[in-house]
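Everything on this sheet refers to the single structure shown next.
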Number of protein chains: 2
Amino acid sequence: MKKITLWALASSLFIACTTETKKPEVASNTLSSEEKIDSTNIKQLFNTALTKGKSYEWLRDLTQNIGGRLSGSPEAEKAVLWSKELMKNVGLDSVWLQPVMVPHWVRGEKEEAYYTINGEKKNVPICALGFSIATPSNGLTGEVVEVKSLDEAKEMGDKLKGKIVFFNGAFDNTLINTFQAYGGCVGQRFSGARVCSEFGAKGVIVRSMTNGIDDYPHTGTMGYGDIPKEQYIPAAAISSRAAELLSNDLKTNPNLEFYFKQSCETLPDAPSHNVIGEIKGTENPEKIIVVGGHLDSWDLGEGAHDDGTGVVQSLEVAYLFKKNSIKPKNTIRIVFFMNEENGTRGAKEYAEQAKQNNEIHVAGLESDAGGHTPRGFSIDANGKNTQLVKSWKKLLAPYGLHDLIKGGSGADIGPLKNDEITLVGYRPDSQRYFDYHHTSIDTFDKVNKRELELGSASMASLVYLMDKYLYTEDKVKP
Amino acid sequence: MKKITLWALASSLFIACTTETKKPEVASNTLSSEEKIDSTNIKQLFNTALTKGKSYEWLRDLTQNIGGRLSGSPEAEKAVLWSKELMKNVGLDSVWLQPVMVPHWVRGEKEEAYYTINGEKKNVPICALGFSIATPSNGLTGEVVEVKSLDEAKEMGDKLKGKIVFFNGAFDNTLINTFQAYGGCVGQRFSGARVCSEFGAKGVIVRSMTNGIDDYPHTGTMGYGDIPKEQYIPAAAISSRAAELLSNDLKTNPNLEFYFKQSCETLPDAPSHNVIGEIKGTENPEKIIVVGGHLDSWDLGEGAHDDGTGVVQSLEVAYLFKKNSIKPKNTIRIVFFMNEENGTRGAKEYAEQAKQNNEIHVAGLESDAGGHTPRGFSIDANGKNTQLVKSWKKLLAPYGLHDLIKGGSGADIGPLKNDEITLVGYRPDSQRYFDYHHTSIDTFDKVNKRELELGSASMASLVYLMDKYLYTEDKVKP
């Protein structure tokens, strides 16, 4: 062979290595002296997360040793006790449980579905939607009417009578942010059964909420609204691939009969808890910055990205403060909310108690959009505070946090909303999120350690800045 | 149970959905009329990629039906023919093979390694480094000297004589861009054997190049430089977990003996090809914008992220142009380069032929940093063109392309460098890349369809802008 010169090979490595150098958006000489301090402290938070982070091992424990933890389940209560112990171990100044009654829906036996076409039985991956009633114990059979939206179902009107309505609206994959695509479809899942029962449909099956074509049914919550209980009809999700196949088969066999069986039921409300721990503020201990995610999850998988990552990242914010001896001026309160998935009872109880106790919440940060690589924050605050948060972009952009945008925060801190509080949602990259969302494959192995830790550090950095700059006396209302 | 109100549940969904809305950084009313046309065309490129993209299925075929394709291997030649057919099927105006002789290193039998401590045999995941010689056929045994860098090895000097040198320099995980961490370590892998052979070491083992602690040896190229052939010593990579364990065991048993066996060899150079196809320019057909990745890969996995994603994304640029009836002014030439991994012979041959044929290359774009979610582009060009590319940020940022930075482009287009050409490297998120890099798990299932397609569209958008704005007569030199 010709001699491979050192130069030739090294040059290729050199290009690979040096050209990736990512400089902060703003050179350090454009920072004020105070910003330089902030820049150094933020770097230190990231360094600690990336070299001494604990969130990944916490998440492994939660997801693999407890697993899925639907509100009211034994696993959810195990997770509550686990969380309390963990918060104590991290050394928070105080840790307590906040009681809350939660809905208690149970899935029952594994669901079953199929249809027969040209003599061939096709099994369909299916799962009941949260709060759905069961089918009769021997299942439900019916002809299928396919629609793409709630509006289309309403237009069909009486033609739905006695049918199983098949909602097959797909994600709009041209939307770059996948949560927008979810927003465009999820109404079918949430309200499909309510709408169709009014026209006498006997059941509803919904295409799973996902960007891709896969074999996993994606569960999620639904509601019957104010219709009488005797008009409730069962609702389930089928995998996106099954939806594509069924739609195709209906073109040639419009009268095919679909069968599904599920034995889910809603039991009486169960006692549960939000898990709360805090680092007391040194200057304004009565002023609270709340940081949280939700501890409950759906039952099918391990609740890894939804929202195991959010709770371990929230606690890691406190860990990173302690590890770096950062003593916050305000109280940093970590909350693992219960029951985000089907009721947000924990969130409501937390806000209600805060009001009753005249607590002063100056800011909130929630992580409930998965544990993927950081992209930014969504800010729900008045104009002045929104601008202040946006002004930190030069400090945050070097860590991939470019998207500092006006928007909502999250379902669990949302009830704290008032004119003065600054609520923020952590926004990781959304591309992979709905691959796993509410399925059996939302498992620990889908989470990348560095991406998780970068998220913790991103959140800690924002909390550091909020603690330092956000609070002024005139902004706070009890 | 308490009634779950529609409002309560819907509000949580509403927050999740609407608050993620990601607006373009610059509102459309701040765009010029020409930029509005560009914005519309770019959106259309993304829409097509995300709804009619082909790259994912192409990648499935390449990785799962051909697999790893090291230069000189039968798989590499199969991949060449596959690529030629594929380019024709996409409908490129002309497709051809460019002959190039490539190094032909073969791994031989699966490598083996272990050491014994306190009577316990510990097997070590190991693989030979590219271009390494074999051990003796019955393997190599020796005491181990651990060092953390090439400098430390040089300082040890004669103490390395007769030893197996263990390079255990780990990635600096505090570096946000993982390619920088790679750059800080890869010298051990590339030059470790050369440096240590000069001091009479008998072999080298290197900690795998990765951020994490895992069980996969990560291969990669090395070089003996100008040392005489009889002084060559075998070099291999061990998994990062094995490196941690071995380092620990050496603390208590500094005289433990390490055994490894490999049967790799370098055969005579083999004939191979770059695969080239182009869309002829309508106004300046003699001016070329080259877009490419590398077709070869290491042999251990399927060469998915390195660099199957790069070649299918490059071809998808042409597919997206055709599908949207975009007729470029300049010629868009897609190149699947051969032999990036161990020699960059394809890159050199391509540049050499371009020079000999007086071809005019106005720009180049390379994708060789994995198929993860888009982050930006690294620009290697003169000041004027660098500024021009940076000025497109408002058009690109809505797609997550915030990082438009001065830097290198890539190993395969790098040899085309001159004062006038604009060379650009596509830069996806780097966090997961070294989880898979050069291992048996760089496989198709690690690639996310949307992330891959977003990359194709990102590249197509940049090529669209370069084709429209970059070229002016006074910038071009043959």
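Just a few scattered comments:
- The stretch B:54-109-the stretch B:351-372 distance, computed between alpha-carbon centres (Å): 18 Å
- Of the residues making up the stretch B:243-279, those losing 30 Å² or more of accessible area when the isolated chain is joined by the remaining protein chains, with a 1.4 Å probe, are B:269.
- Here's the list of aspartates and glutamates a cross-link from residue A:122 could span, going by alpha-carbon distance under 17 Å and ignoring same-chain residues fewer than 8 apart: A:111, A:112, A:143, A:214, A:215, A:244, A:249, A:257.
- Using only side-chain charges placed at the Cβ, +1 for Lys and Arg and -1 for Asp and Glu, the dipole size of the protein assembly as shown relative to its Cα centre rounds to 1180 debye.
- Cross-link pairs beyond the 27 Å C-alpha cut-off, checked among A:417/B:36; B:393/B:449; A:322/B:148; A:121/A:251; B:327/B:394: A:417/B:36; A:322/B:148
- Heavy-atom accessible surface of the protein assembly as shown: percent carbon and sulfur, 1.4 Å: 50 percent
- Residue A:286 versus residue B:468: modelled label distance in nm, points set 7 Å from Cα along the beta carbon direction: 5.9 nm
- Those residues of the stretch B:234-274 whose amide nitrogen sits under 20 Å from the label point placed on residue B:138, 7 Å along Cα→Cβ: B:234, B:257-264
- Summing Lys and Arg as +1 and Asp and Glu as -1 over all other residues whose Cβ lies under 11 Å from the Cβ of residue A:346 gives a net charge of -4.
- Cβ charges +1 (Lys, Arg) and -1 (Asp, Glu), total dipole of the stretch B:108-263, debye: 120 debye
- Its relative contact order, with pairs defined as Cα atoms under 8 Å and 6+ residues apart, puts chain B at 20 percent.
- Taking every alpha-carbon pair under 8 Å whose residues sit at least 6 apart, the stretch A:108-263 reaches a relative contact order of 38 percent.
- Prolate/oblate/rounded call for the stretch A:269-400, Cα gyration tensor, a/c under 1.5 rounded: oblate
- In this label model, residue B:32 and residue B:65 are separated by 4.7 nm, measuring between points 7 Å along each Cα→Cβ vector.
- Spatial separation of Cα centroids for the stretch A:405-455 and the stretch A:259-310, in angstrom: 13 Å
- Among the residues of A:49-55, the average count of other protein chain beta-carbon atoms within 10 Å of the residue beta-carbon is 2.
- Label distances, nm, residue A:358 versus same residue in remaining copies, Cβ-directed 7 Å point: 8.9
- Selection from B:448, A:456, B:68 lying farthest towards where the dipole of the protein assembly as shown points positive, charges on Cβ: A:456
- Global geometry of the protein assembly as shown, whether rounded, prolate or oblate, following the gyration tensor of its Cα atoms and the 1.5 cut on a/c: prolate
- Total formal charge among the other residues, if their Cβ is under 15 angstrom from that of residue A:114, Lys/Arg +1 and Asp/Glu -1: -2
- Distance between the 7 Å Cα→Cβ label points at residue B:329 and residue A:109: 7.0 nm.
- Peptide A:169-182 is shielded by partner chain Cβ atoms: per residue, an average of 5 of them sit within 10 Å of its Cβ.
- Order by protection proxy (mean Cβ within 10 Å, highest first), peptides B:378-388, A:206-216: A:206-216, B:378-388
- Peptide B:388-400 has a mean shielding of 1, counted as Cβ atoms of other protein chains within 10 Å of each residue's Cβ.
- Test item: Cα-centred dipole of the stretch A:257-356, Lys/Arg +1 and Asp/Glu -1 on Cβ, debye: 820 debye
- Efficiency of FRET from Cβ geometry, residue B:85 and residue B:390, R₀ 45 Å, rounded to 0.05: 0.70
- In the protein assembly as shown, a dipole from Cβ-located charges (positive for Lys and Arg, negative for Asp and Glu) runs towards its positive end, and of B:324, A:383, B:260 it is A:383 whose Cα lies farthest in that direction.
- Packing order of peptides B:248-255, B:400-407, B:344-351, highest average first: B:344-351, B:400-407, B:248-255 (average count of other Cβ atoms within 10 Å over each peptide's residues).
- The stretch B:108-263, accessible area per residue, ligands and nucleic acids excluded (1.4 Å, Å²): 40 Å²
- Solvent-accessible area buried by B and A, counting both chains, probe 1.4 angstrom, square angstrom: 6900 Å²
The values are calculated or read from the model by the stated rules, or taken from the named source; none is laboratory data. All figures in this text were calculated on a predicted structure; none of them were measured in a lab. For neighbour counting, all protein chains shown are included, and Cβ atoms are generated from backbone atoms with ideal geometry for every residue, glycine included. Accessible surface areas use protein heavy atoms only, side chains included; no ligands, DNA or RNA. Shrake-Rupley method; radii C 1.70, N 1.55, O 1.52, S 1.80 Å.
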